[in-house]
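The structure under discussion appears below in the form of structure tokens.
The values are calculated or read from the model by the stated rules, or taken from the named source; none is laboratory data. These numbers come from a predicted model, not from an experiment. Here the Cβ positions follow ideal geometry from the backbone for every residue, glycine too, while neighbour counts run over all protein chains shown. Keep in mind that these areas ignore ligands, DNA and RNA; they rest on the heavy atoms of the full protein, side chains included. Shrake-Rupley method; radii C 1.70, N 1.55, O 1.52, S 1.80 Å.
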Amino acid sequence: MRKKLVDEIRKKGILDENLLSAINAIPRHLFLDSGFLEYAYEDKPFPIGSGQTISQPYTVAFQTQLLEVKPEDKILEIGTGSGYQACVLAELGAKVFSIERQKKLFERTKQLLRLFPYKINLFYGDGYKGLPEEAPFDGILITAAAPEIPEPLLQQLKIGGHLVIPVGKGDVQTMLRITKLVNGKLKKETFGKFRFVPLLKDKAND
Ligand code: SAH
């Protein structure tokens, strides 16, 4: 089933074989509640509780490809959610730091990730602020829809690093890749339309 999913993602235009192998290596069904196993290898997003979703595998692959992750890269993810995307990054050899603002989801994912052979650093907090104590990062990935690019995240990006973020105020967002150039200026590229749950400000009480 996992191979079939990888073939489907390849057909949709993801050609990075390292990334496809990483997706092939990760048991996505473990990130869904056990009653929904039959949905785990469809190329669709799925509810994971607390009003949140695990992203569509193609979207995970697309964002990861844009990041151009190299082994040992220090990557910051905003929106841990199920932890699936964090595992894809870790399988590629990245040192992963990931922030989630929903306490229940954070606790659940922390438990789940203990079952995996990766050392992923999980943080409960507001991703808008990033992680200044661990900055700078080789790459920053935002997996929720942002109305604008959070300024602190740009400051925490290394020169030559990419920040990948879906930006938009409505239901549909534009995928942006921002690259920090040697003169400190930002290069902006756009990559089509996607749908994400919103990036919310401040910690929730949930
Ligand atoms: N990357 C996830 C999917 C994320 S869905 C996966 O692989 O499953 C988006 C997540 O962003 C949700 O879990 C949501 O709670 C979280 N989120 C929203 N606003 C946030 C913020 N300001 N800081 C950190 N996480 C946030």
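Key figures for this structure:
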| read-out | value |
| --- | --- |
| For the chain: rounded, prolate or oblate by the Cα gyration tensor [a/c cutoff 1.5] | rounded |
| Extension gain, I149 back to D16 (0.36 nm per residue minus Cα-Cα distance, nm) | 45.2 nm |
| In Å², nearest 10: area of R177 left accessible to a 1.4 Å probe | 30 |
| Shape of region 57-172, Cα gyration tensor, a/c cut at 1.5 | rounded |
| Amide H contacts under 5 Å for A144, placed H, 5+ residues apart | none |
| Region 114-159-region 1-30 distance, computed between alpha-carbon centres (Å) | 24 |
| Protection proxy ranking of 11-23, 84-96 - average other beta-carbon atoms within 10 Å, highest first | 84-96, 11-23 |
| Karplus-derived 3J(HN,Hα), 6.51/-1.76/1.60, for each residue of region 137-154, Hz, glycine and proline x | 10, 6, x, 10, 10, 9, 10, 9, 6, 10, x, 8, 7, x, 4, x, 5, 5 |
